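Participant: Below are the structure tokens for one structure; questions will follow.
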Amino acid sequence: MIEARGLTKRYGDRLAVDGLTFTVRPGTVTGFLGPNGAGKSTTMRMILGLDRPTGGTVLVNGKPYHRHVAPLREVGALLEARSVHPGRSAFRHLLALAQTNGISRTRVDDVLEAVGLTGAARRRAGRFSLGMGQRLGIATALLGDPRTVILDEPLNGLDTEGIRWVRELLRGLAAEGRTVFVSSHLMNEMALTAEHLIVIGNGRLIADVGTAEFVRTRGRNVVRVRTVDPDTLAARLSGPGVEISFDGGETLTVSGSTTDRIGLAAGAAGITLLELTAQQASLEEAFIELTRDAVEYRANPAGVSS
């Protein structure tokens with residue numbers, strides 16, 4: 001279990017993390033979401049004792065990380081997969097960690113096999129692809145068979161098979177009763193994997209809720225409509241809280257209304273409908289809607305046009 005209470009981190013005049021309070025419970029995959037610059041990596045570093053909080057506390061399995069006698073057996077973490085000496089092989093990297101933490105050599109072989117690196121175990125880590133580096137980072141996190149697993153962007157560089165493997169791995173760890181805390185910008189994967197979400201923006205907590213409830217309450221369902229007279233129908237549907245976009249040709253996308261209301265409005269106006277389909281909100285849409293005002297870096301696509 002991870003327990004943060006009033007966790008705060010200031011760098012000079014910049015407040016990176018602002019009074020975060022949350023609990024990550026065992027038996028559940030908890031997703032840690034936020035825009036770039038929200039404070040996710042800083043929070044994870046404070047959990048692991050790599051950064052000292054300016055204020056507040058954070059406990060892992062009832063203690064600050066540095067007070068655990070055998071920390072690798074309590075917490076396995078992936079924060080930066082490339083933090084491996086490039087001249088050292090995957091096997092030697094893991095073996096060094098095992099020998100300094102009282103972990104058996106057989107466990108090294110086990111985790112190499114679990115992450116699919118047995119065939120590359122003697123290869124220098126500096127020659128690994130990004131995806132192989134991620135697998136080695138995950139192997140490092142699992143080396144001590146820890147009760148708590150913390151992974152920051154574990155899917156970077158992985159192919160489709162690798163992403164599916166990580167998804168099943170996280171679910172399996174949670175099913176064993178472990179605490180699983182994972183950060184990712186891949187919303188589709190978080191929707192499939194995480195049962196609970198902690199969302200931050202500008203260093204502050206903005207949501208601590210189950211994934212299904214988050215999507216249901218924060219997302220906006222939309223209706224796709226194809227009709228022979230989109231302009232007239234759009235005029236009929238306009239009203240407070242209703243947003244309508246033209247997707248080209250005969251198609252409208254309507255939010256803030258329902259299929260029943262749209263069908264009744266079209267029938268009353270004698271407008272023929274070719275399609276009327278409700279589309280459920282996605283985690284990505286709900287996340288964007290919630291964090292709209294907390295985005296630190298916002299691109300301007302028009303700025304690259306000639």
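Participant: Evaluate the stretch 41-54: report whether one residue or more is touching a Ser or Thr at 6+ places or on another chain (Cβ under 6 Å) and within 19 Å of LEU290 (Cβ to Cβ).
Facilitator: So far as the stretch 41-54 goes, no, none of its residues is touching a Ser or Thr at 6+ places or on another chain (Cβ under 6 Å) and within 19 Å of LEU290 (Cβ to Cβ).
Participant: If GLY116 satisfies all but one of (1) touching a strand residue (DSSP E or B) at 6+ places or on another chain (Cβ under 7 Å); (2) on the phi > 0 side of the Ramachandran plot; (3) of a type outside the set (Lys, Arg), what's the number of the condition it fails?
Facilitator: GLY116 satisfies every listed condition except (1).
Participant: Out of all the residues in the stretch 243-276, which are among the β-branched types (Val, Ile, Thr), out of contact with any helix residue (DSSP H, G or I) (no Cβ under 9 Å at 6 or more places or on another chain) and not in a strand (DSSP E or B)? Step through it out loud before you land on a result.
Facilitator: To start, the set of residues in the stretch 243-276 that are among the β-branched types (Val, Ile, Thr) comprises 244, 251, 253-254, 258-259, 262, 271-272.
Subset that is out of contact with any helix residue (DSSP H, G or I) (no Cβ under 9 Å at 6 or more places or on another chain): 253, 258-259.
Those that are among the β-branched types (Val, Ile, Thr), out of contact with any helix residue (DSSP H, G or I) (no Cβ under 9 Å at 6 or more places or on another chain) and not in a strand (DSSP E or B): THR258, THR259.
Participant: Please verify whether LEU173 is modelled with pLDDT of 95 or more, more than 18 Å from ALA278 (Cβ to Cβ) and not polar (S, T, N, Q), treating the condition exactly as stated. Spell out how you get there, then give the answer.
Facilitator: Numbers: modelled with pLDDT of 95 or more: yes; more than 18 Å from ALA278 (Cβ to Cβ): yes; not polar (S, T, N, Q): yes.
Judged against the criteria, LEU173 is a match.
Participant: Next up: Mind listing whichever residues of the stretch 194-242 are out of contact with any helix residue (DSSP H, G or I) (no Cβ under 7 Å at 6 or more places or on another chain), of a type in the set (A, V, I, L, M) and touching a residue at least 24 places away in the same chain (Cβ under 8 Å)?
Facilitator: Passing the criteria: ILE198, LEU205, VAL222, VAL228.
Participant: Determine whether LEU169 is assigned by TED's automatic domain parsing to the domain that holds GLY55, closer than 24 Å to GLY56 by Cβ and either out of contact with any Ser or Thr (no Cβ under 6 Å at 6 or more places or on another chain) or outside any helix (DSSP H, G or I) (or both).
Facilitator: It is false that LEU169 is assigned by TED's automatic domain parsing to the domain that holds GLY55, closer than 24 Å to GLY56 by Cβ and either out of contact with any Ser or Thr (no Cβ under 6 Å at 6 or more places or on another chain) or outside any helix (DSSP H, G or I) (or both).
Participant: Any residue in the stretch 272-301 that is closer than 22 Å to VAL254 by Cα and aromatic (Phe, Trp, Tyr) sitting within a Cβ distance under 8 Å of a residue that is modelled with pLDDT of 80 or more and surrounded by 14 or more Cβ atoms within 10 Å (Cβ to Cβ)? List the pairs, counting only those 6 or more apart or interchain.
Facilitator: Note: pairs meeting the criteria are PHE287/LEU33; PHE287/MET187; PHE287/VAL199.
Participant: Okay, moving on. Looking at the stretch 114-166, which of its residues are free of Cβ contacts under 8 Å to residues at least 60 places away in the same chain, within 20 Å of GLU189 (Cβ to Cβ), β-branched (Val, Ile, Thr) and in contact with a helix residue (DSSP H, G or I) (Cβ under 8 Å, 6 or more places away or on another chain)?
Facilitator: Selection gives VAL115, ILE163, VAL166.
Participant: Right, something else. Within the stretch 225-242, how many residues are hydrophobic (A, V, I, L, M, F, W, C) and in a strand (DSSP E or B)?
Facilitator: 1
Participant: What is the one condition in (1) among the aliphatic types (A, V, I, L, M); (2) surrounded by fewer than 17 Cβ atoms within 10 Å (Cβ to Cβ); (3) within 14 Å of the chain's Cα centre (by Cα) that VAL166 does not satisfy?
Facilitator: Result: VAL166 passes all but (2).
Participant: Right, here's the next one. All but one of (1) in a helix (DSSP H, G or I); (2) out of contact with any Ser or Thr (no Cβ under 8 Å at 6 or more places or on another chain); (3) at pLDDT 90 or above hold for GLY126; state the number of the condition that does not hold.
Facilitator: Unmet for GLY126, out of (1) in a helix (DSSP H, G or I); (2) out of contact with any Ser or Thr (no Cβ under 8 Å at 6 or more places or on another chain); (3) at pLDDT 90 or above: (3).
Participant: Got a number for residues in the stretch 118-163 being surrounded by fewer than 22 Cβ atoms within 10 Å (Cβ to Cβ), in contact with a Phe, Trp or Tyr (Cβ under 9 Å, 6 or more places away or on another chain), closer than 16 Å to ALA90 by Cα and of a type in the set (A, V, I, L, M, F, W, C)?
Facilitator: Total meeting the criteria: 2.
Participant: For residues in the stretch 213-259 being under 30 Å from ALA16 (Cβ atoms) and not β-branched (Val, Ile, Thr), which is nearest to the chain's Cα centre (by Cα)?
Facilitator: As a first pass, look at the stretch 213-259 and keep what is under 30 Å from ALA16 (Cβ atoms): 213-215, 217-219.
From the residues that got through so far, the ones that are not β-branched (Val, Ile, Thr) too are 213-214, 218-219.
Numbers: GLU213: 16, PHE214: 14, ARG218: 17, GLY219: 17 Å.
Going through the qualifying residues, I end up with PHE214.
Participant: Restricting to the stretch 169-196, and then to whatever is touching a strand residue (DSSP E or B) at 6+ places or on another chain (Cβ under 6 Å) and of a type in the set (Gly, Ala, Ser), can you tell me which residue is surrounded by the fewest Cβ atoms within 10 Å (Cβ to Cβ)?
Facilitator: Among those residues, the one meeting the criterion is ALA174.
The values are calculated or read from the model by the stated rules, or taken from the named source; none is laboratory data. The shown structure was predicted, so the numbers you read here are calculated from the model rather than taken from an experiment. Neighbour counts run over all protein chains shown; Cβ positions are idealised from the backbone, glycine included.
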